[in-house]
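Peer 1: Just dropping this structure here.
The values are calculated or read from the model by the stated rules, or taken from the named source; none is laboratory data. For clarity, every value in this text was computed on a predicted model and none was experimentally measured. Ideal geometry is used to build each Cβ from the backbone, glycine not excepted, and the neighbour counts take in all protein chains shown. To get the accessible areas, we keep the full protein, side chains included, count just its heavy atoms, and leave off ligands, DNA and RNA. Shrake-Rupley method; radii C 1.70, N 1.55, O 1.52, S 1.80 Å.
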Amino acid sequence: MTASYPAKDDLLFALKWQMEMGIDCALSDTATGLYAAEAVRTPVRPATAAPQSLPPSRHSAISAAPPPMLAEPSFSPPIAEPVAVPPQTARPLSGLQTLSDLRAALEAFEGCALKKTASNLVFADGNPAADIMLIGEAPGRDEDRMGLPFVGAAGQLLDRMLKSVGMDRQDVYITNILPWRPPGNRTPTVEETRLLWPFLRRHIQLKAPKIIFALGGSSAKLLLDSQTGILKLRGQMTEIDFSDAGDGSLILPVLPSLHPAYLLRAPNMKKQAFSDLLQLCQHLKKAS
Ligand code: URA
């Protein structure tokens, strides 16, 4: 049987459509679906199982709220459906004693499909001894390439924002709620966030900053276990218990603010972000 190949225009159209849908990386060397030279039909994977063990609430000392539900992505994720929670996440991460141990555990973790599409693990940047921990959403294309958070356009704005209050990257420690880039920079799914939450919580425990500056809605909603929009959450400091046992042994202030990528699109909101930064500085001054 001779394989019939699609016309060039059809292929270009399909490619353009995929780019518009946010698919900007190849997942496999072999084509599947309509445009495979010989139709290779991959069985549709059944809907993935819900995580067996949900992350304990961030508010455990304060309330027994259910795990967070992030805003739904603006379209159904075309790829990178998370696999069922592997046994590794059920294992307590409390045995990891250093940031390097945590990084190594993430490098070895095979339970998240995002890892397969990402080029690099994006663990952290800045000063591990800094008082401030900045937590963004997820790596974008530049971060994925370089393996460092906030190095693209949003990162450059972040650097300028820090400079405006006399700080630079050595005054902060920077990470994200997800260490791998979601394809096409789509919003992290609830499942991905839940799956990786134990790692982020251990990250916060090991870092034990004096304050967390949550950049953007995804980060603020996850850390505060809230459904409220970032425009309402920003600038309101909340104390959150990040201990495993929920015994109040690691209560840290979380100050949500606007994401630099949003500020690039809405520069008129920069004054609110600046006011949050000033509040951050004042808090640290009082605390020291
Ligand atoms: N946006 C984020 O939330 N994190 C990054 O590292 C880069 C862009």
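Peer 1: Kindly indicate whether residue 152 is within 15 Å of the ligand (Cβ to nearest atom) and either in the same structural domain as residue 211 (by TED's automatic domain parsing) or over 12 Å from the mean Cα position of the chain (by Cα) (or both). I'd like the intermediate steps shown before the answer.
Peer 2: Values: within 15 Å of the ligand (Cβ to nearest atom): yes; either in the same structural domain as residue 211 (by TED's automatic domain parsing) or over 12 Å from the mean Cα position of the chain (by Cα) (or both): yes.
Judged against the criteria, residue 152 is a match.
Peer 1: Filter segment 119-142 down to residues that are over 27 Å from residue 252 (Cα atoms) and open to solvent by 20 Å² or more (accessible area, probe 1.4 Å) and give me whichever is nearest to the ligand (Cβ to nearest atom). Let's see the steps before the verdict.
Peer 2: Filtering segment 119-142 down to residues over 27 Å from residue 252 (Cα atoms) leaves 119-120, 140-142.
Subset that is open to solvent by 20 Å² or more (accessible area, probe 1.4 Å): 119-120, 141-142.
Values: 119: 14, 120: 12, 141: 9, 142: 8 Å.
Of everything passing the filter in segment 119-142, 142 is nearest to the ligand (Cβ to nearest atom).
Peer 1: Can you pull out the residues in segment 167-180 that are more than 9 Å from the ligand (Cβ to nearest atom) and either touching a residue at least 12 places away in the same chain (Cβ under 8 Å) or aliphatic (A, V, I, L, M) (or both)? Give the steps one after another, and end with the answer.
Peer 2: So in segment 167-180, the residues more than 9 Å from the ligand (Cβ to nearest atom) come out as 167-173, 179-180.
Passing the criteria: 167, 169, 170, 171, 172, 173, 179, 180.
Peer 1: Another question about this same structure. State the number of residues belonging to segment 107-118 that are surrounded by 21 or more Cβ atoms within 10 Å (Cβ to Cβ) and either closer than 28 Å to residue 168 by Cα or modelled with pLDDT under 95 (or both). Break it down stepwise before answering.
Peer 2: Keep residues of segment 107-118 that are surrounded by 21 or more Cβ atoms within 10 Å (Cβ to Cβ), which gives 112-114, 118.
Keeping just the survivors that are either closer than 28 Å to residue 168 by Cα or modelled with pLDDT under 95 (or both) gives 118.
Final tally of qualifying residues: 1.
Peer 1: Now for a different question. Hey, any hits in segment 177-194 for a residue that's over 17 Å from residue 112 (Cα atoms) and either part of a helix (DSSP H, G or I) or acidic (Asp, Glu) (or both)? Walk me through it before giving the result.
Peer 2: Narrowing segment 177-194 to residues over 17 Å from residue 112 (Cα atoms): none.
No, that holds for no residue.
Peer 1: If you take the residues in segment 216-246 that are more than 22 Å from residue 199 (Cα to Cα) and of a type in the set (A, V, I, L, M), which one is most open to solvent (accessible area, probe 1.4 Å)? Reasoning before the result, please.
Peer 2: So in segment 216-246, the residues more than 22 Å from residue 199 (Cα to Cα) come out as 228-237.
If we keep only those that are of a type in the set (A, V, I, L, M) too, we end up with 230-231, 233, 237.
On the way: 230: 33, 231: 102, 233: 23, 237: 67 Å².
This residue is 231.
Peer 1: For segment 135-165, how many residues are without any contact (Cβ under 8 Å) to a residue 40 or more places away in the chain and among the β-branched types (Val, Ile, Thr)?
Peer 2: Number satisfying all stated conditions: 1.
Conditions tested, residue by residue: (1) of a type outside the set (A, V, I, L, M, F, W, C); (2) under 19 Å from residue 172 (Cα atoms); (3) not in a strand (DSSP E or B).
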{"position": "197", "(1), (2), (3)": "no, no, yes"}
{"position": "213", "(1), (2), (3)": "no, yes, no"}
{"position": "228", "(1), (2), (3)": "yes, no, yes"}
{"position": "243", "(1), (2), (3)": "yes, no, yes"}
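Peer 1: So, residue 234, is that one more than 20 Å from residue 281 (Cβ to Cβ) and touching a residue at least 40 places away in the same chain (Cβ under 8 Å) or not?
Peer 2: On the way: more than 20 Å from residue 281 (Cβ to Cβ): no; touching a residue at least 40 places away in the same chain (Cβ under 8 Å): yes.
Against the criterion (more than 20 Å from residue 281 (Cβ to Cβ) and touching a residue at least 40 places away in the same chain (Cβ under 8 Å)), residue 234 does not qualify.
Peer 1: Would you check if there is a residue in segment 263-286 being within 26 Å of residue 159 (Cβ to Cβ), part of a strand (DSSP E or B) and away from the ligand (no atom under 15 Å from the Cβ)? Reasoning before the result, please.
Peer 2: First pass over segment 263-286, keeping only residues within 26 Å of residue 159 (Cβ to Cβ): 263-286.
Narrowing further to those that are part of a strand (DSSP E or B): none.
Looking for residues that are within 26 Å of residue 159 (Cβ to Cβ), part of a strand (DSSP E or B) and away from the ligand (no atom under 15 Å from the Cβ), one finds none in segment 263-286, hence no.
Peer 1: While we're on this one: Looking only at segment 162-189, count every residue that is more than 11 Å from the chain's Cα centre (by Cα) and either among the β-branched types (Val, Ile, Thr) or open to solvent by less than 20 Å² (accessible area, probe 1.4 Å) (or both) and tell me the total.
Peer 2: First pass over segment 162-189, keeping only residues more than 11 Å from the chain's Cα centre (by Cα): 162-174, 183-184.
So of that shortlist, the ones also either among the β-branched types (Val, Ile, Thr) or open to solvent by less than 20 Å² (accessible area, probe 1.4 Å) (or both) come out as 162, 165, 172-174, 183.
The qualifying residues number 6.
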